[in-house]
Structures are given as structure tokens and as C-alpha cells.
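Below: one structure, written as C-alpha cells.
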Amino acid sequence: MKEKVLKAYDKLAGDYERHVDSQSGHNAFYERPAMLRMLPQEMEQMSVLDAGCAAGWYTEQLIKRGARVTAIDLSPSMIEACKRRVGSEATIVECDLTEALPFADEAFDYIVSSLTLHYIEEWMPTFREFQRVLKPGGSLIFSVHHPFMDYKLVERQDYFARALLREVWNKPESGPVEVVFYRRPMQEIINVTSSCFSIEEIVEPQPSLEHKDKPEAGAWMATWYERLMTNPHFLIVKARKSK
């Protein structure tokens, strides 16, 4: 599984670096606005781990808010793309979220993980590491595929079973790429998170109206706006480590 994810995202790195910010509506006009609303506008002197940084879009946004950012990703190509985006303004490290993290205990005020955790089968070791490196009172904010969306789109027979799913994404630079990920029921997402953190907020985002009239969002909004207003696609969880 890890090798398949690594192969796919090494191939997708160019698209994430040059196209996703403006051409992937599910990222630019749906998930990102919802995630950013859950973060402080001012993060001066806060230490933040961008867990699954891809080409560094969130890394850059966190830097703009004043944070001291450490960005990690499994893909060497994504790491290089992130470095090209932010240069020396962040610490950028190739890192596997399924293994022990190379950071001291209580190193971060925030952990932000965007659309990454559904590539990991067993969450508990990862969440225990998140708990270890987060400061007391610190926050974890993550987004994943909504279990209802995956269950409905691929017509699974058993909602409660964790399942390995496959999709083919066709991107401008990479062409068709097979992407594999796990779906799991809502109760597993909630129970694993709450075993390590106190859950503060759960968001099932809807498209942001602030983007509805932007020319670059027009085609995506015409196709997806009504659908996503009535059917969840992603899930965002904000949780806090006890003091």
C-alpha cells in the first residue's frame, strides 16, 4: 500500500505544484476554505506541523499567518515541490506518518493534516504520535474523505467494513494515475480520534459562497455546487490535547 501511494504522489507532484491550486475545485473552493476557517488568523510564534504537506499550499498559508512550520510528506517529489514553494521559510522533511515521528515530545501547538489520513490503514499508531508531539492544549485539525461519500460512490455492500478503494485520476501533467485509499465508518474516525484527543468540532463542509462568482470557479461550481450542498464529500475534525 505504501509503495502504491508513494508511486502515485510522486507522479502527481507536478500537478499539485502547478494546477491543483486553481483547477481542482474540491481543493481550492471546497476543502481549503473550510479548513482555513478552523485555524487562527494570527499564528505568530506558534509551531505547526503540516502532516502530509504535498506541494506546500497549507505550508505557505500557515507561514503567512506567522507560524513556524515543519512540513512533512512521504513523497520526495512533493517535498521538492514544497521546497520550491516556500524555500527556507519552513523546515521540510521527508517522513512516513505510519512510523515514529522524528520530533521531540510536545513540539507543536498545532497539527494540520489535509486529505492525508485516508491513505493510512491503521490510525492508532499515527494518532498516538500526534498526541506525543503536540503540546498540552494543542490542536489537531484534519480532513479526510467522508465515509458516506466513499460508501455511496463505490456502492459498497458493508458500510461498517474498512475497505481499500481505488480510483483513477486523470491530471494535466501526469495523465491517468491510480490512487488507492481506505474508507472507514464514521464511528472508527470518531473513536480513534477521541481515544487520544477531545473532539471540539466536526464539519461536513459545503461549497463556499465566497468563490461562487469567481471566473476560475465557474465550471466547477456549475457541476458540483448543488450536489455538495446536499451530499457530503469531505469530513473535517478539530480536536484538542488535554492540558
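State in Å² the accessible area per residue of the range 77-131; use a 1.4 Å probe, count heavy atoms of protein chains only, and round to the nearest integer. Could the numbers behind the result be given before it?
Numbers: 2490 Å² over 55 residues.
With all protein chains present, the range 77-131 gives 45 Å² per residue.
Give me the dipole magnitude in Debye, nearest 20, for the range 117-243 about the Cα centre, with unit charges on the beta carbon: positive for Lys and Arg, negative for Asp and Glu.
Numbers: 17 positive and 17 negative charges, 109 e Å.
Its charge dipole is roughly 520 debye.
Each DSSP beta bridge with both residues in the range 32-140 is either parallel or antiparallel, and the antiparallel ones are about 0%. Name the shape class, rounded, prolate or oblate, that the alpha-carbon gyration tensor gives for the range 1-75, where a ≥ b ≥ c are the square roots of its eigenvalues, rounded holds for a/c under 1.5, and otherwise prolate holds if a/b is larger than b/c and oblate otherwise. The shape class here is oblate.
Taking every C-alpha pair closer than 8 Å and separated by at least 6 residues, the mean separation divided by the residue count of the range 1-79 gives a relative contact order of 33 percent. Quick one: grab the alpha carbon gyration tensor of the chain, order the square roots of its eigenvalues as a ≥ b ≥ c, and give me rounded if a/c is under 1.5, else prolate or oblate depending on whether a/b is larger than b/c. Rounded, because the longest to shortest axis ratio a/c is under 1.5.
Calculate, in whole percent, how much of the Cα-Cα pair population of the range 145-200 lies beyond 19 Å. The partial results should precede the final answer.
Details: 666 of 1540 pairs.
That tail contains 43 percent of the Cα-Cα pairs.
Considering only ALA107, TYR58, SER139, and ranking their Cα positions along the charge dipole of the chain that arises from unit charges at the beta-carbon of Lys, Arg, Asp and Glu, the one farthest toward the positive end is SER139.
Amide H contacts under 5 Å for ILE92: ALA71, restricted to partners 5 or more places along the chain or on a different chain, H placed in the peptide plane at 1.01 Å from N.
Could you check what % of the DSSP bridge pairs in the chain are antiparallel, to the nearest 5? Working shown, then result.
Values: 21 of 39 bridges.
About 55 percent, rounded to the nearest 5.
Carbon-plus-sulfur accessible fraction, the range 49-108 (probe radius 1.4 Å, protein heavy atoms only): 45%. Think of a 1.4 Å ball rolled over the protein heavy atoms: the range 179-232 then has 53 Å² of accessible area per residue.
Please tell me the relative contact order of the chain in percent, rounded to the nearest whole number, where contacts are Cα pairs under 8 Å and at least six residues apart.
Values: 450 pairs, mean separation 52.0, N = 243.
Once divided by the residue count of the chain, the mean separation gives 21 percent.
Can you send over the carbon and sulfur percentage of the accessible area for the range 129-243, probe radius 1.4 Å, protein chains only? Result for the range 129-243: 49 percent of the exposed heavy-atom area is carbon or sulfur. Our summary gives the range 107-243 a relative contact order of 33 percent, counting only alpha carbon pairs under 8 angstrom and 6 or more residues apart. Solvent-accessible surface (1.4 Å probe) assigned to GLU80 amounts to roughly 90 Å². Farthest toward the positive end of the dipole of the range 168-220, out of VAL168, ILE202, ILE190, is the Cα of VAL168, where the dipole comes from beta carbon charges about the Cα centre. Stretched out straight at 0.36 nm per residue, the stretch from ASN170 to LYS4 would grow longer than its current Cα-Cα span by 58.1 nm.
With +1 on each Lys and Arg Cβ and -1 on each Asp and Glu Cβ, and nothing else charged, work out how big the dipole of the range 48-132 is about its Cα centre, in Debye to the nearest 20. Mind dumping the intermediate values first?
Numbers: 8 positive and 14 negative charges, 89 e Å.
It comes to approximately 420 debye.
Considering only GLY87, PHE127, PRO232, the residue lying farthest towards the positive end of the dipole of the chain is PRO232, judged by Cα position with unit charges set on Cβ.
The values are calculated or read from the model by the stated rules, or taken from the named source; none is laboratory data. Predicted model, so just to flag it, every value in this text is computed and none were measured. When we count neighbours, we look across all protein chains shown, and the Cβ atoms used for this are built from the backbone with ideal geometry, even at glycine. These area figures cover heavy atoms from the full protein model, side chains too; ligands, DNA and RNA do not enter into them. Shrake-Rupley method; radii C 1.70, N 1.55, O 1.52, S 1.80 Å.
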